[in-house]
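Read through the structure below, which is laid out as structure tokens, and then see the notes.
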Amino acid sequence: MDPYQVLDRVVRRFKAILKENLVGIYLHGSLAMGCYSEHSDIDFLAVVGYPLNYKTKRLLVDELLKLQDCPKRVLK
């Protein structure tokens, strides 16, 4: 997936989940510095106005895990 498509999805999902608590999402790392490669990760900071509860944190983690392009590991 194109890194900007990933960022677009992150922004849309974080806005939907955090609503008015989301202060901003800030890009940093290789993509922000112009040296991103196909093997790079995407670094960003999400700033919130007040602390998140466990349920909200879990929702955000689940959304980020959906973006991974690696195969899921199956436990036997």
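Any read-out appearing in this document is the output of simple, stated calculations on the displayed coordinates, not a laboratory observation. Note that the structure is predicted; figures quoted are calculated from it, not measured. Here the Cβ positions follow ideal geometry from the backbone for every residue, glycine too, while neighbour counts run over all protein chains shown.
How would the chain be classified by its alpha-carbon gyration tensor: rounded, prolate or oblate, with rounded meaning a/c under 1.5 and the a/b versus b/c comparison settling the rest? Oblate shape, in that a/c is at least 1.5 and b/c is the bigger or equal ratio. Under the convention that each Lys and Arg Cβ holds +1 and each Asp and Glu Cβ holds -1, the size of the dipole of the chain around its Cα centre is about 540 debye. Over the chain, dividing the summed -39,500 (n - 2.57) contributions of all DSSP H runs of at least 4 residues by the number of residues returns a 222 nm mean residue ellipticity of -13000 deg cm²/dmol.
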